[in-house]
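Notes follow the structure.
The values are calculated or read from the model by the stated rules, or taken from the named source; none is laboratory data. Keep in mind it's a predicted model, so treat the numbers as computed, not measured. Here Cβ is always computed from backbone atoms with ideal geometry, including for glycine, and neighbour counts include all displayed protein chains.
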Amino acid sequence: METWTREQWETALKGSSLAAFYLYTPMCGTCAVASKMMNVINVMRPEIPIGKADLNYVQNIAIDYEVESVPCLLIQKDGVVIHKIYAFQSVPYLLEKID
């Protein structure tokens, strides 16, 4: 999973029918678990563009998308964010949301 800037996320919004953006902070324990789940998803579904970003460096995304906490997964379909997930329940749950 690549680290994305805001510009790369916006490119994925415009250029991909489906993409996901994983937001985290490095000192968050729950984010560490969620990161492992996202790495599994990235391996299982390499055709889906999935990026990640430390929310400390992309605060404007937190404001624009009204991110309430981390970890947060933004899933877009056809340029519209359709899911904003905070509870990373399991890999199958996340795969279901992404599909």
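Tabulated values for the structure
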read-out	value
Leading residue by the ranking (modelled with the lowest pLDDT) among those in region 9-20 that are outside any loop (DSSP other than H, G, I, E, B) and surrounded by 15 or more Cβ atoms within 10 Å (Cβ to Cβ)	Leu13
Qualifying residue in region 51-63 (condition: within 12 Å of Tyr24 (Cβ to Cβ), in a strand (DSSP E or B) and of a type in the set (Gly, Ala, Ser))	yes
Count of residues meeting criterion [closer than 20 Å to Pro92 by Cα, within 12 Å of the chain's Cα centre (by Cα) and polar (S, T, N, Q)] in region 1-58	3
Residue that is aliphatic (A, V, I, L, M), surrounded by fewer than 18 Cβ atoms within 10 Å (Cβ to Cβ) and touching a residue at least 24 places away in the same chain (Cβ under 8 Å), where the choices are Leu73, Leu23, Leu95	Leu95
Qualifying position, being out of contact with any Ser or Thr (no Cβ under 9 Å at 6 or more places or on another chain) and in a strand (DSSP E or B), among Val67, Val40, Val81	Val81
The lone exception for Tyr65 - which of (1) surrounded by 12 or more Cβ atoms within 10 Å (Cβ to Cβ); (2) touching a residue at least 40 places away in the same chain (Cβ under 8 Å) it fails	(2)
Residue in region 25-34 that is in a helix (DSSP H, G or I), closer than 18 Å to Glu2 by Cβ and at pLDDT 95 or above present	yes
